[in-house]
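Right, one structure below, let's go through it.
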Ligand SMILES: [Zn+2]
């Protein structure tokens, strides 16, 4: 259920923690700083895993755990945070922007109401509303299971906390952080960059508002500019071809933006209609996805459209249908000008 592996000679330890959702496991890490150890992320909220996890932690030699950093608010990264805080006296550290979203999700009725209003704007038909209501209600209930009680809320974009370099890297969530060990060229990047999975970037006000795809691309560029040696992500495993992987992820988003523009080239569409015209995981159509993946597809399309809208490339009418307002050629230079 939990596997402990030493990663970088006594500097980094990886804990592989089982979870009953895709992709089947999540990583937490322990990193040694001077005479103390810091934990990064807290697994899935399954209290049966708490004792085995504490047992594995006790096997790390000469390591007094003092704090727990949460890369982002999602359930598979915050899971046992409160239990670890209470049992081991850890100080829980996370970004204020993510904690604010957690609090919003805990207000289930408001969360459902706001999401359903939004679905109307996305053009979701009434026949699908019950499905979305169930998904959003489930997200809020899971959140209730793992109440969070942070001791330190980070406010800034860049911080030095306990010898760690902490960067705000939003996109997957609004307060997602990455933790960089500058002297080794290593970083813990949560779900920002994964080896083969492309991270979900969804526009889901009330919990991921603004322009998350722009934030995500800027976060990728921020990490790329640091020319790091290796990353320790939340799933799948170590990444040591960091900038190649980042370039691949940037190209992937560009091709998705182009697919949206392609769908719109034959006339105006709502976000729901665009979602139905794109292909999703394993090349599936929207109607073949399960409810959770439909939610992810819809909100991901919304993020793509929002990004294009912010660039003045598409615009919505009063009927919530989007149309192309400025013809562009579909390439990285046009779509991500901040790359230079
Ligand atoms: Zn995750």
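Read the figures in this text as sums done on the coordinates, not as results from a lab. A quick note: this is a predicted structure, and the numbers were derived from the prediction, not measured. Note that each Cβ is placed from the backbone with ideal geometry, even for glycine, and that neighbours are counted across all protein chains shown.
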- [ ] Note down the nm distance, to one decimal, between modelled labels 7 Å out along Cα→Cβ at residue 54 and at residue 3.
- [x] 2.5
- [ ] Working from the alpha-carbon coordinates of region 89-143, get Rg over Rh, Rh being the Kirkwood radius.
- [x] 1.12
Open item on the list: Suppose a student asked you for the relative contact order of region 248-339, using Cα pairs under 8 Å spaced at least 6 residues apart; what percent would you report?
Closed with: 33
- [ ] With r as the distance between the Cβ atoms of residue 196 and residue 320 and R0 = 35 Å, compute the FRET efficiency 1/(1 + (r/R0)^6) and round to 0.05.
- [x] 0.50
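Where both partners of a DSSP beta bridge lie in the chain, what percent of those bridges are antiparallel, to the nearest 5?
Here the share of antiparallel DSSP bridges comes out near 70 percent.
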Open item on the list: If Rh is defined by the Kirkwood formula over all Cα pairs and Rg also comes from Cα, what ratio Rg/Rh do you get for the chain?
Closed with: 0.97
Open item on the list: If R₀ is 45 angstrom, what is the calculated FRET efficiency for the pair residue 108 and residue 248, using the beta carbon separation as r and rounding to 0.05?
Closed with: 0.75
Open item on the list: To check my understanding: the extent here is largest minus smallest coordinate of the Cα atoms along each principal axis. What are those three numbers for region 225-340, in Å, largest first?
Closed with: 48, 37, 20
Open item on the list: Rounded to whole Å, give me the distance from the Cα center of region 156-201 to that of region 318-340.
Closed with: 28
Task: Rough spin-label spacing in nm, given labels placed 7 Å along Cα→Cβ, for residue 116 and residue 86 - done: 3.3
TODO: Starting from the Cα-Cα distance between residue 161 and residue 287, subtract it from 0.36 nm times their residue separation and give me the gain in nm to one decimal.
DONE: 40.7 nm
Open item on the list: Once R0 is set to 35 Å, what does the formula 1/(1 + (r/R0)^6) return for the Cβ-Cβ distance between residue 96 and residue 327, expressed as a FRET efficiency to the nearest 0.05?
Closed with: 0.30
